[in-house]
Amino acid sequence: MTAATALELLRASPLDALDARVLLTHALGWRRTDLITRGDVPLSDTQIAGFAALEQRRIAGEPIAQITGRREFYGLDFEVTAAVLIPRPDTELLVETALHALDGKQAPLVADLGTGSGAIAIAIAAQRPDACVIATDRSVDALVVAKRNAQRLLAPDRAGGVLDFVEGNWFDALVPLTPRPRFDAIVSNPPYIAAHDPHLSQGDLRFEPASALTDHADGLSALRAIVAGAPAWLKPGAPLWVEHGYDQAAAVRSIFTEHGFRAVASLRDLAGIERITGGTTPP
């Protein structure tokens, strides 16, 4: 009996075509172009079994990023584990907006609250080598992943220095720092899904850390804490930008206004959804 080829496995797979290609190249250790140049070469039983195992994990619902241990974000290849939220394209808007806010500032000081995999902090640091970036998370396991990503993706001799990863919940993590920092910008993608939202039991979210997805309340408690605490840590006229749910923009704008922020606005992602909201402290 003739052994199956890569192209035959792809044709027979019940997975979405893109998922199948990603998993097959990962299982074989191939580049995508190898599917063209080597796609008709018979595979070994071990290679076929390896792909079948990954295929079954995906059929069971496990996210591609967790199966492969990788996810691209802002042009960078991030390590992903079950301890961190999977970086998503929508969040790139938060990075772009923060970078725009830092235009013209020399050696800016930036905080990323609830960094997870480190995607936001590292993307900003990669684009602004002169920026000093402090990233916090209350999850020790998440910080381990974030530190590995920073070590692999950022130059050790960058002008802004190595990223400072600090354990703790929101601004509590910053309290021990001396001298007390005042930031040119603060960004955060906090848990904003309400506790009883049915999406938590659907799709990829089932496999991601609940603490990174939901505040176990109304979806706004973490956002309230961040907005309320930010003015004490921002320089005059500096911005805070946060990501939030598809239907939370109006509520989040109100929270910003209640806490004295100016120029409060929400920006839309590529799908046209108001995905992030921000404002500046009084000058």
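For region 234-257, how many residues meet the condition of being surrounded by fewer than 19 Cβ atoms within 10 Å (Cβ to Cβ) and in contact (Cβ under 8 Å) with a residue 24 or more places away in the chain? Give the steps one after another, and end with the answer.
So in region 234-257, the residues surrounded by fewer than 19 Cβ atoms within 10 Å (Cβ to Cβ) come out as 235-237, 246-247, 250-251, 254, 257.
Subset that is in contact (Cβ under 8 Å) with a residue 24 or more places away in the chain: 235-237, 246, 251.
The total comes to 5.
In region 42-80, what count of residues is obtained for those that are buried (at least 16 other Cβ atoms within 10 Å of the Cβ) and part of a loop (DSSP other than H, G, I, E, B)?
5
If we scan region 91-106, do we find a residue that is among the charged types (D, E, K, R), outside any helix (DSSP H, G or I) and within 16 Å of the chain's Cα centre (by Cα)?
So the first thing to find is which residues in region 91-106 are among the charged types (D, E, K, R), and the list is 92, 96, 103, 105.
Filter again for outside any helix (DSSP H, G or I), leaving 103, 105.
The next check asks that each one be within 16 Å of the chain's Cα centre (by Cα); those that pass are none.
No, that holds for no residue.
Looking at (1) in contact with a helix residue (DSSP H, G or I) (Cβ under 8 Å, 6 or more places away or on another chain); (2) closer than 25 Å to P179 by Cα, can you tell me which one L270 breaks?
Exception for L270: condition (2).
When the residues of region 1-41 are filtered to those that are acidic (D, E) and assigned to a helix (DSSP H, G or I), which remaining residue is farthest from A60 (Cα to Cα)? Before you say what the answer is, go through the steps one by one.
Initially, region 1-41 is screened for residues acidic (D, E), giving 8, 16, 19, 34, 40.
If we keep only those that are assigned to a helix (DSSP H, G or I) as well, we get 8, 19, 34.
Values: E8: 22, D19: 13, D34: 27 Å.
For region 1-41, the residue satisfying everything is D34.
Identify all residues within region 1-41 that are crowded, with 16+ Cβ neighbours inside 10 Å, more than 26 Å from R71 (Cβ to Cβ) and touching a helix residue (DSSP H, G or I) at 6+ places or on another chain (Cβ under 9 Å); write none if there are none.
Result: A4, single match.
Counting just the residues of region 121-142 that are buried (at least 24 other Cβ atoms within 10 Å of the Cβ) and touching a Pro at 6+ places or on another chain (Cβ under 8 Å), which one comes out nearest to L213 (Cα to Cα)?
A142
Is it the case, given these coordinates, that T97 is in contact with a Phe, Trp or Tyr (Cβ under 6 Å, 6 or more places away or on another chain) and within 22 Å of A271 (Cβ to Cβ)?
Spelling it out, T97 is indeed in contact with a Phe, Trp or Tyr (Cβ under 6 Å, 6 or more places away or on another chain) and within 22 Å of A271 (Cβ to Cβ).
Is it the case that A251 is in contact with a His (Cβ under 9 Å, 6 or more places away or on another chain) and either in a helix (DSSP H, G or I) or closer than 17 Å to H100 by Cβ (or both)? Before the answer, list the steps.
Numbers: in contact with a His (Cβ under 9 Å, 6 or more places away or on another chain): yes; either in a helix (DSSP H, G or I) or closer than 17 Å to H100 by Cβ (or both): yes.
Yes: the conditions hold for A251.
If T91 passes every condition in (1) under 24 Å from I186 (Cβ atoms); (2) surrounded by fewer than 20 Cβ atoms within 10 Å (Cβ to Cβ); (3) among the hydroxyl-bearing types (S, T, Y) but one, which one does it miss?
All conditions are met except number (2).
Going by the conditions given, is A195 part of a loop (DSSP other than H, G, I, E, B) and at pLDDT 95 or above?
Numbers: part of a loop (DSSP other than H, G, I, E, B): yes; at pLDDT 95 or above: no.
Answer is no for this residue.
Output the residues belonging to region 149-204 that are under 24 Å from E96 (Cα atoms), out of contact with any helix residue (DSSP H, G or I) (no Cβ under 7 Å at 6 or more places or on another chain) and polar (S, T, N, Q).
Q151
Kindly provide the set of residues from region 214-224 that are buried (at least 19 other Cβ atoms within 10 Å of the Cβ) and part of a helix (DSSP H, G or I), ordered by number. Spell out the reasoning first.
Of all residues in region 214-224, those buried (at least 19 other Cβ atoms within 10 Å of the Cβ) come to 214-215, 219-220, 222-223.
Across region 214-224, the qualifying residues are A222, L223.
Have a look at E79, E72, E92 and point out the one that is under 30 Å from Q127 (Cβ atoms), of a type outside the set (V, I, T) and touching a helix residue (DSSP H, G or I) at 6+ places or on another chain (Cβ under 6 Å).
Working: E72 fails: touching a helix residue (DSSP H, G or I) at 6+ places or on another chain (Cβ under 6 Å); E92 fails: touching a helix residue (DSSP H, G or I) at 6+ places or on another chain (Cβ under 6 Å).
Within the list E79, E72, E92, the selection yields E79.
Could you please find all residues in region 25-38 being more than 25 Å from the chain's Cα centre (by Cα) and aliphatic (A, V, I, L, M)?
Correct list: L28, L35, I36.
The values are calculated or read from the model by the stated rules, or taken from the named source; none is laboratory data. Everything quoted here is computed from the prediction, not taken from an experiment. Every residue, glycine as well, gets a Cβ built from its backbone with ideal geometry; the counts of neighbours run over all protein chains shown.
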